[in-house]
Amino acid sequence: MTLIVQKFGGTSVADAEKIRAAARKAVRAQQQGHRVVMVVSAMGKNTDTLLDLASQVSEQPPARELDMLLSTGEQISVALVAMAIDSMGAKAVSLTGGQMGIRTDNTFTKARIQSIDTARILRQLDAGNIVIAAGFQGIDDDLNITTLGRGGSDTTAVALAAVLGAEACEIYTDVDGVYTTDPRVLPEARRVDVISYDEMLELASLGAGVMHSRSIEFAKKFGVPIHVRSSFSDTDGTMIVAEPESEAAAVCGAALTRDEARVTVLGVPDVPGTSLEIFSAIAEQKVAVDMIVQNVANQERADISFTVQRSDLDATLQALQAAARRIGATGITHDDQVSKVSVVGLGMAVQTGVAHRMFRALADAGVNIQMITTSEIKISVLVSRDQADKALRAVHQAFELHVEPADKKSWAQIRAERRKKTDVDDLVARLHGDELEELTLTGIALTPEQARVTLRGVPDSPGIAADMFESVADAGVFVDMIVQGIDGEDGRTSVTVTVAASDLEKCLQVADDLRQRHQLRDVQGAGGIAKLTVSGIGLRSHTNVGTLMFRSLADADINVEMINTSELQVNAVIDGDKGDLGKQQLNKAFAGVLR
Ligand code: ADP
Ligand code: ASP
Ligand code: MG
């Protein structure tokens, strides 16, 4: 008998009628011969209501008590679902996170799953029950109730599917699948039949709220197919699997994080160890940092900018005060009126010209880009919040995301062509049962012979980035990393790209033309750098990756000149002479987690 996990989100159990509809789906699946585990969220907006109550009795509710409170939302709905199933003549038992043996660490409100003891669930299934599991919660070693972070029921569901060896994990929600962008923001968004783990992980982490990004880490690690579908109909939705929908498309989706904040640490001494101080202080608060941009040092000092979610801004600024003092930075500025717009696609790792298409679309829409960062499968730009929707629409249009790719594959086609065993099987074999959500690294690599070109004093107005990357692409130069950030006080920005050392001359020539055309302050090029890459799963959400990386490099007196992050890779640019030493350091630092 096959086992399936069915997860129902808040809107899908918002009232008695919807609870009965969800119950009917589970009963039907059982009647069709499946063993069924349901994972259920709190009813409707109940979690928000509880949070609001907490804020009314305390300005800063203790995190432990918040979890105690929030977990009750799910406890209500599992009991009601079990009653509904019972009334339909089937057998059901509801279980809280603790009762079903979900052990987590003790990071209240953001806890990670360590282990799941499946014995009790299996016993209940053997007895013919439908098991109704409370989503989003677990217990720590001291039996404190913990929660996994907003949207965390998805992670409960995929984790259960993984450890129970479920055939599939069905996510029932209020949309009928995954779209090229949030259909509530852009009605022209297209529902996709299939999306790859890597793309979904990156999109979810960059703002696509349809799935909790950590659930995709589980799915990828354990090879669990996820079916996202509507709880209000029976039509097929979107399959999240290892394969992408299209091999040819550069971009598969766009995402918006509306409530983002930019923080800049000014005048950071350009010596090894300063990034470590800054980012480890923030990582300790379990705040995920994105869009890290470090200006090339001017008079031995650099400005380091990055973004965090706006809700994490206060914690970030607090953590930064002491760190900034320790390293002798000259100040901290921030802007909480910004949004992040990103495009994601496996195809861009092998295609050129993706960046300038995005920047051109934004320029034509009159959107000014404040910061840019790229990684192998995503490009993110920071824009002012009042231009966020316009920016998202322009980008969605530019990549024609509303149109089906010509080489689009359906899930049926992909399934037919599937290899029996994927790399993931080997990875799972090497994971131990007590470290389910631990950091998983798959490789550490060195790319030598790189060069960097920096354009300084770029006027902060629409269209210049587009011109820049069109010119570079026309010259046939393949640009790897791109970062743009604020440069000094006059509102101008600096843009740094990395290219292969053999392209340095050509790229410098283009940069010099651009300098004259746009009255840039200056252009600098330098060879002799190397790129260190750490690859894995869920690297941005595991906030300690950056810390470990910076620490091990600082220990060997290696300065990090540039850095970019995604869920799949963290790249650091360092002095080329120290490439091998840097790689050795990282191998040592990550020895315990490299699989
Ligand atoms: P649930 O309560 O079922 O977990 P969520 O509200 O967490 O539901 O997620 C579903 C919502 O995610 C949709 O209503 C939609 O507005 C939003 N969403 C954001 N990005 C996307 C996307 N790319 N595709 C589909 N839905 C998206
Ligand atoms: N009820 C929790 C929330 O609203 C968890 C979830 O729905 O996934 O965030
Ligand atoms: Mg959700």
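Structure notes:
Let's see how each residue does on (1) within 16 Å of ligand 2 (Cβ to nearest atom); (2) out of contact with any Leu (no Cβ under 7 Å at 6 or more places or on another chain); (3) open to solvent by 10 Å² or more (accessible area, probe 1.4 Å); (4) not charged (D, E, K, R):
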{"residue": "Ala204", "(1), (2), (3), (4)": "yes, yes, yes, yes"}
{"residue": "Met211", "(1), (2), (3), (4)": "yes, yes, no, yes"}
{"residue": "Lys220", "(1), (2), (3), (4)": "no, no, yes, no"}
{"residue": "Ser231", "(1), (2), (3), (4)": "yes, yes, yes, yes"}
{"residue": "Ile240", "(1), (2), (3), (4)": "no, yes, no, yes"}
{"residue": "Ala248", "(1), (2), (3), (4)": "no, yes, yes, yes"}
{"residue": "Leu256", "(1), (2), (3), (4)": "no, no, yes, yes"}
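- Residue match in the range 171-190 (condition: touching a Leu at 6+ places or on another chain (Cβ under 7 Å), on the phi < 0 side of the Ramachandran plot and more than 15 Å from ligand 1 (Cβ to nearest atom)): no
- Within the range 20-52, considering residues that are closer than 20 Å to Gly151 by Cβ and open to solvent by less than 10 Å² (accessible area, probe 1.4 Å), the one farthest from ligand 3 (Cβ to nearest atom): Val37
- Residues of the range 113-134 satisfying the condition of being under 25 Å from the mean Cα position of the chain (by Cα) and open to solvent by 50 Å² or more (accessible area, probe 1.4 Å): Gln114
- Members of the range 289-337 found to be open to solvent by less than 40 Å² (accessible area, probe 1.4 Å), touching a residue at least 60 places away in the same chain (Cβ under 8 Å), closer than 30 Å to Leu392 by Cβ and touching a Ser or Thr at 6+ places or on another chain (Cβ under 6 Å), listed by number: Asp290, Met291, Val293, Asn295, Asp303, Ser305
- Scanning the range 179-209 for residues that are part of a loop (DSSP other than H, G, I, E, B), more than 18 Å from Lys378 (Cα to Cα) and touching a residue at least 40 places away in the same chain (Cβ under 8 Å) yields Val185, Leu186, Glu188, Ala189, Arg190, Val192, Asp193.
- Pair list, Cβ < 8 Å and 6+ apart or interchain, from the range 1-22 residues that are over 17 Å from Val163 (Cβ atoms) to residues that are away from ligand 1 (no atom under 14 Å from the Cβ) and open to solvent by 60 Å² or more (accessible area, probe 1.4 Å): Val13/Leu80; Ala16/Leu80; Ile19/Leu80
- In the set (1) more than 16 Å from ligand 1 (Cβ to nearest atom); (2) within 20 Å of Lys220 (Cβ to Cβ); (3) buried (at least 24 other Cβ atoms within 10 Å of the Cβ), the condition left unmet by Thr146 is number (2).
- Candidate set: the range 132-160, residues that are over 23 Å from Ala84 (Cβ atoms), of a type outside the set (Gly, Ala, Ser) and assigned to a loop (DSSP other than H, G, I, E, B); chosen: the one nearest to ligand 2 (Cβ to nearest atom): Arg150
- Of the strands (runs of 3 or more DSSP E) lying entirely inside the range 14-121, the ones with 3 or more residues being in contact with a helix residue (DSSP H, G or I) (Cβ under 8 Å, 6 or more places away or on another chain) and within 16 Å of ligand 2 (Cβ to nearest atom) are found at 35-40.
- Matching residues, the range 509-521, being open to solvent by less than 50 Å² (accessible area, probe 1.4 Å) and of a type outside the set (Val, Ile, Thr): Ala511, Leu514, His518, Leu520
- Entry remark, the range 149-162: residues being under 17 Å from Lys110 (Cβ atoms) and more than 13 Å from ligand 1 (Cβ to nearest atom) number 1 in total.
- Filtering Pro244, Pro272 for residues that are more than 16 Å from ligand 2 (Cβ to nearest atom), in a loop (DSSP other than H, G, I, E, B) and over 22 Å from the mean Cα position of the chain (by Cα) leaves a single hit, Pro272.
- Residue in the range 71-90 that is modelled with pLDDT of 95 or more, closer than 25 Å to Thr543 by Cα and in contact with a Phe, Trp or Tyr (Cβ under 8 Å, 6 or more places away or on another chain) present: yes
- The requirement of being surrounded by fewer than 21 Cβ atoms within 10 Å (Cβ to Cβ), under 22 Å from Glu277 (Cα atoms) and among the β-branched types (Val, Ile, Thr) is satisfied by Thr543.
- Odd one out for Thr352, checked against (1) surrounded by 18 or more Cβ atoms within 10 Å (Cβ to Cβ); (2) among the hydroxyl-bearing types (Ser, Thr, Tyr); (3) part of a loop (DSSP other than H, G, I, E, B): (1)
- In the range 461-484, the qualifying residues are those that are charged (D, E, K, R) and crowded, with 16+ Cβ neighbours inside 10 Å, and the one that is farthest from Met358 (Cα to Cα) is Asp480.
- Selection status of Gly9, in contact with a helix residue (DSSP H, G or I) (Cβ under 8 Å, 6 or more places away or on another chain), within 14 Å of ligand 2 (Cβ to nearest atom) and over 25 Å from Lys91 (Cβ atoms): no
- Against the conditions (1) in contact with a strand residue (DSSP E or B) (Cβ under 9 Å, 6 or more places away or on another chain); (2) open to solvent by 40 Å² or more (accessible area, probe 1.4 Å), Ile537 satisfies every one except (2).
- Leading residue by the ranking (farthest from the chain's Cα centre (by Cα)) among those in the range 213-240 that are small (Gly, Ala, Ser), in a loop (DSSP other than H, G, I, E, B) and closer than 20 Å to Met38 by Cβ: Ser233
- Looking only at the range 205-250, and only at residues there that are of a type in the set (A, V, I, L, M) and more than 13 Å from ligand 1 (Cβ to nearest atom), the one that is nearest to Val5 (Cα to Cα): Val224
- If you go through the range 162-180 and keep only what is away from ligand 3 (no atom under 16 Å from the Cβ) and either open to solvent by 10 Å² or more (accessible area, probe 1.4 Å) or among the small types (Gly, Ala, Ser) (or both), you end up with Ala162, Val163, Leu164, Gly165, Ala166, Glu167, Ala168.
The values are calculated or read from the model by the stated rules, or taken from the named source; none is laboratory data. For clarity, every value in this text was computed on a predicted model and none was experimentally measured. Cβ: placed from backbone, ideal geometry, glycine included. Neighbour counts: every protein chain shown. Heavy atoms of the whole protein, side chains included, go into the accessibility calculation; ligands, DNA and RNA do not. Shrake-Rupley method; radii C 1.70, N 1.55, O 1.52, S 1.80 Å.
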